[in-house]
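A short worksheet on the structure shown next.
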Amino acid sequence: MISARNLLFAGDFASPQMYYGTVLRTELSNGTIKKINCPKLPASYKLISAKDIPGKNVLPYSDFPLLIKNSIHYKGEAFALLIGPDKTKLEELAIKINIQVVTEEDKIAETSIERSWKNTVSPSDTGNNPDNRDTEAVYSFSAHTGNYGEPVCAAASSKIEKTKTEKKINLKIYCAGQTPFWTRKAVSDFMHLDESHIEIVSCNVGFVKNTKIIQSAIFSCYAALASLLTKHPVQMLSNITPASLDLENDYSSVIKLHSVNDKTGKFVSHSVSTQRDFGAFSLFKDEYIDKSLISSIGIYEHAGVEIEAQAVSSEKAPQSPGLSFGMAEGSFALETQVSRIAQALDLNPLEWRKNNLIEKKQKLVCGMLPSELPSCIDIINCAQEKSDFNRKWTAYNLIKKTNGSNSEENLRGIGAAFAFQGRGFIYPEADKTKYSIELRLEKDGSLKINTGCIVSSAEIVETWKGIAQSILDVEDIQFIDGSTKNTCNSGPSLLSRNISIMTKLISDACYDIRKLRFRDPLPIIVRPQKTMSKTTIWCGKKACKDAFSRLSAACSVIELEIRRGEWIPHIRNINMVIDAGKILLKSSAERNIRIQTMNALEIASGGLFEKPKINIHFIEGKSDYPKGLGELPLCCIPSSYVQAVSLALNKNFSSVPLTKEKIFEALSGGESAQKEDTENDN
C-alpha cells in the first residue's frame with residue numbers, strides 16, 4: 001500500500017450515482033441537545049444522527065464520540081450528517097437544520113485535571129553551595145499543524161449480498177491517512193461489522209504536515225455509515241468552518257524548567273513542570289506528556305531530576321498530539337535553557353553540550369538503555385566547523401557585552417541546538433502491531449514487495465528498490481499497490497518507526513531470499529515480522545524499550561541578521577548536522593530534512609523568513625541500521641532560531657512563534673517582554 005505510487009485522492013473516487021455528505025456541527029461549547037430541528041427533506045436527502053449508528057459511537061481505545069447524542073463537549077462538535085446527491089442543495093438544506101439546546105445560564109467554561117504525574121526520577125542534594133547557579137524559565141510552544149488538505153476527506157461504497165441464511169455487508173473506503181488498519185478497526189467498531197468485510201484504500205497523503213490520525217478515521221466512519229444507509233457511494237466533504245477549524249490542528253504547551261548547575265556547568269538538579277490542555281478528548285495524552293518530559297531532560301548527565309506534569313481537559317476542540325508528540329516542545333525548552341546556563345557561566349554553548357552528554361552504555365534518565373548512541377561529539381564538532389560557530393559566537397557575544405547594539409550597524413546573532421529522536425510510541429498499548437512485510441521472488445525473476453506502509457515520498461520507494469537490487473541483483477521490482485484487503489499490516493506510519501522498521505525488514509528479507517534462491521524452487525516467499533514487545537518501567541507504567549533503543553541526533557546552527565529600523569530577522573544560513581545511522585538514499589534524506597526545516601522555521605518565526613540557505617551534513621556513524629530523521633529539524637530549529645534572535649537583540653526570548661510583534665514589544669520594553677527577559681536567571 002505505497003500511497004506515493006497511488007494517484008488517487010479520495011475525491012477522485014467517482015460514480016454516476018454519487019452522493020455527498022456534510023457534517024453538521026454545534027455552535028455552542030456546552031449544553032444538552034434536546035432536539036434536532038430539521039425541515040422535511042427531499043426524498044433523495046437523508047439526515048443521519050447518533051441513533052442511526054449500529055455499533056460503538058467512539059473511536060477505538062478512547063471515549064471520543066463520533067456523533068454526539070446529548071451532551072455537547074466543545075464548539076464545533078459533530079451532531080449529525082446530511083447526505084444527498086447535489087452539493088449546492090446540500091449546503092442550502094444544512095443552513096436550515098439546527099439543534100434545540102438546554103444550557104446553564106452564565107456557565108463558566110470548565111477545565112479539569114485528567115491525570116497528574118509527579119516523580120523524583122533520581123534524588124539530588126543541592127545543598128547550599130554558593131557557587132551553584134539557579135536558572136529558571138517558562139517556555140511556551142504553539143503551532144498550527146495545518147488543516148486537512150483535501151476537500152473530500154473520505155469516500156465509501158457499500159455492497160450487500162443476500163443469501164437464504166445471511167446478509168453480508170461489504171464496505172470499501174478511500175481516505176488519506178497514515179493508519180489504515182487502525183482506521184479499519186474504527187469503522188468495524190462503528191458499523192458493528194467484522195474487519196474482513198471492510199477494505200481501506202489509502203489515497204495520496206502528500207506531504208504530511210498534520211498527523212491525519214483522527215480525522216481520517218472519523219470521516220471514514222461517516223462515509224461508511226452514509227453509504228450503507230443511502231445505498232449509494234458517498235463522498236464526505238471536509239466543510240471546514242470556523243466552528244471546526246481547531247479540530248486536531250492547533251496546539252500549545254507550557255514547560256517550566258528549574259536547573260541548578262555547579263560552577264563548571266554540571267547539573268546538580270533539574271526539575272521539569274508542564275501542563276497541557278488536550279481539549280475535550282485525547283487519544284495520546286500519556287504519550288505526548290511523557291515524550292515532552294523525556295525531551296526536556298535530554299541525553300545529558302543529571303545528578304537529580306524531578307518531574308511534574310498535568311493533562312488537562314477542557315471545552316476546547318480535541319487538540320493535535322503535535323508534530324512529534326511532544327518531542328519538539330521539550331527539546332525547545334531544554335536547548336534554550338542549557339544555552340542560557342552556558343551563557344551565564346560564560347561558556348561556549350556547544351562546548352557545554354559536549355561536556356555534559358551521557359556516555360555509551362549509560363541509561364537515559366527515563367531508564368531506557370539505547371542499544372546505539374549516535375556520534376554526538378562528532379555531530380557537534382562538525383556543526384562547529386561547518387558553521388564557524390566558535391568564532392562567530394565569540395564575536396557576537398563580545399559585541400553584546402560591549403553594548404554594541406547601540407551602534408548603527410545591523411545586528412547579528414547565532415544560535416545552536418542539539419536534539420535526539422527515537423522511533424515510535426513509548427507505550428505498548430498505543431501500538432500493538434506486529435509489523436510485517438512479504439517479499440516474493442517469482443519464477444520469472446521479478447520481485448514483489450507487499451507492505452501496508454504509507455509513505456509520502458516516492459523517493460522512499462526508490463530507496464527500498466535500491467536495497468533489493470543491491471542484495472538480489474534483480475531489476476524487475478514491483479510494489480503491491482492495494483488496500484488493507486491485500487497488503488500486510490505494516491503498522492502506523494508515525495514517528496519514523498514505520499519507515500525505519502520497514503527498511504530493515506526489507507533488507508533482512510532480501511538476505512533471506514538470497515540464501516534460499518539457489519536451494520529452494522521458485523517462487524520463494526519470506527514474511528519477516530517485528531514486534532515491539534520489550535518493556536521497561538517509566539513513571540509507574542510499562543514503556544516500550546524500542547522507543548529509544550536506536551537514537552538519531554542532530555545539531556542545528558542558525559546565523560541571522562536584524563536590520564535596524566526594520567527589526568525583522570533575516571537568516572543568513574542554516575547548518576544541520578545529522579547522524580541517522582545508515583543513509584540509504586541521500587537525496588531523499590536531504591529532501592526530507594529541507595522540508596521539515598522549512599516547517600520548523602515557520603513554527604519558530606510565525607512565517608518571518610525568506611527561503612534560507614540550508615547546508616545539510618550527514619555523519620558517517622558506525623551503525624548499519626537506518627534510523628528516523630524527520631523529527632530532528634522540529635526539535636532543533638525553533639531553539640536555534642530563538643537563541644540567535646536573543647543574542648542579536650540582547651534579549652532573552654522564551655516562546656515560539658517569535659513573531660515580529662513580540663520582537664517589537666521587546667524593543668519597546670513592553671510588560672510581557674520585560675517578564676520574558678527577566679524570567680530566566682535567579
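The values are calculated or read from the model by the stated rules, or taken from the named source; none is laboratory data. These numbers come from a predicted model, not from an experiment. Please note: Cβ atoms are built from the backbone with ideal geometry, for glycine as well, and neighbour counts cover all protein chains shown. Surface accessibility is based on the protein's heavy atoms, side chains included, excluding ligands, DNA and RNA. Shrake-Rupley method; radii C 1.70, N 1.55, O 1.52, S 1.80 Å.
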Checked segment 111-162 for anything part of a strand (DSSP E or B), modelled with pLDDT of 80 or more and open to solvent by 60 Å² or more (accessible area, probe 1.4 Å); matches are 133, 159, 160, 161, 162
Selection from segment 232-265 of residues at pLDDT 95 or above and open to solvent by 50 Å² or more (accessible area, probe 1.4 Å) yields 256, 258
Note: among 278, 332, just one is among the aromatic types (Phe, Trp, Tyr) and modelled with pLDDT of 85 or more, namely 332
Filtering strands (runs of 3 or more DSSP E) wholly in segment 528-608 for at least 3 residues that are within 24 Å of residue 377 (Cβ to Cβ) and modelled with pLDDT of 90 or more gives 552-562, 569-579
Among residues of segment 437-482 being modelled with pLDDT of 85 or more and of a type in the set (Asp, Glu), the residue most open to solvent (accessible area, probe 1.4 Å) is 475
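Yes or no, residue by residue, for (1) without any contact (Cβ under 8 Å) to a residue 60 or more places away in the chain; (2) hydroxyl-bearing (Ser, Thr, Tyr); (3) in contact with a Pro (Cβ under 7 Å, 6 or more places away or on another chain); (4) surrounded by fewer than 16 Cβ atoms within 10 Å (Cβ to Cβ):
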residue: 317; (1), (2), (3), (4): no, no, no, no
residue: 321; (1), (2), (3), (4): no, no, no, no
residue: 324; (1), (2), (3), (4): no, yes, no, no
residue: 335; (1), (2), (3), (4): no, no, no, no
residue: 339; (1), (2), (3), (4): no, yes, yes, no
residue: 357; (1), (2), (3), (4): yes, no, no, no
residue: 371; (1), (2), (3), (4): no, yes, no, yes
residue: 377; (1), (2), (3), (4): yes, no, no, yes
Scanning segment 25-62 residue by residue, those within 25 Å of residue 182 (Cα to Cα) and either in contact with a Pro (Cβ under 9 Å, 6 or more places away or on another chain) or among the hydrophobic types (A, V, I, L, M, F, W, C) (or both) turn out to be 48, 50, 53, 57, 58, 59
Has segment 299-310 got at least one residue that is over 25 Å from residue 631 (Cα atoms), polar (S, T, N, Q) and surrounded by fewer than 24 Cβ atoms within 10 Å (Cβ to Cβ)?
-> no
| request: Evaluate segment 74-96: report whether one residue or more is surrounded by 11 or more Cβ atoms within 10 Å (Cβ to Cβ) and modelled with pLDDT under 85. | output: no
Checked against (1) closer than 16 Å to residue 644 by Cβ; (2) open to solvent by 10 Å² or more (accessible area, probe 1.4 Å); (3) in contact (Cβ under 8 Å) with a residue 12 or more places away in the chain, residue 388 satisfies every condition except (3)
Here the qualifying pairs (Cβ atoms under 6 Å; residues six or more apart or on different chains; first in segment 15-37 and farther than 26 Å from residue 314 by Cβ; second of a type outside the set (Phe, Trp, Tyr) and part of a loop (DSSP other than H, G, I, E, B)) come out as 15/233; 17/232; 18/233; 19/85; 19/232; 22/239
For segment 58-73, the count of residues that are of a type outside the set (Gly, Ala, Ser), open to solvent by 40 Å² or more (accessible area, probe 1.4 Å) and closer than 20 Å to residue 316 by Cα equals 5
Among the residues of segment 630-640, is there at least one that is touching a residue at least 60 places away in the same chain (Cβ under 8 Å), assigned to a loop (DSSP other than H, G, I, E, B) and either open to solvent by less than 20 Å² (accessible area, probe 1.4 Å) or on the phi < 0 side of the Ramachandran plot (or both)?
yes
Q.
If I filter segment 614-626 for residues that are more than 19 Å from the chain's Cα centre (by Cα) and under 30 Å from residue 666 (Cα atoms), do I get at least one hit?
A. yes
Scanning segment 485-525 residue by residue, those part of a loop (DSSP other than H, G, I, E, B), buried (at least 22 other Cβ atoms within 10 Å of the Cβ) and modelled with pLDDT of 70 or more turn out to be 487, 488, 490
Residue hits (segment 189-217; modelled with pLDDT of 90 or more, under 23 Å from residue 50 (Cα atoms) and open to solvent by 10 Å² or more (accessible area, probe 1.4 Å)) are 189, 191, 192, 193, 194, 195, 197
Log entry, pairs with first residue in segment 267-283 being touching a residue at least 60 places away in the same chain (Cβ under 8 Å) and among the polar types (S, T, N, Q), second being in a strand (DSSP E or B) and crowded, with 19+ Cβ neighbours inside 10 Å, beta carbons closer than 7 Å, six or more apart or on different chains, reads 269/260
Picking from 399, 426, the residue that is at pLDDT below 90, among the aliphatic types (A, V, I, L, M), within 30 Å of residue 283 (Cβ to Cβ) and surrounded by 15 or more Cβ atoms within 10 Å (Cβ to Cβ) would be 426
Of the residues in segment 641-668 that are out of contact with any Asp or Glu (no Cβ under 8 Å at 6 or more places or on another chain) and either open to solvent by less than 10 Å² (accessible area, probe 1.4 Å) or in a strand (DSSP E or B) (or both), the one that is farthest from residue 598 (Cα to Cα) is 663
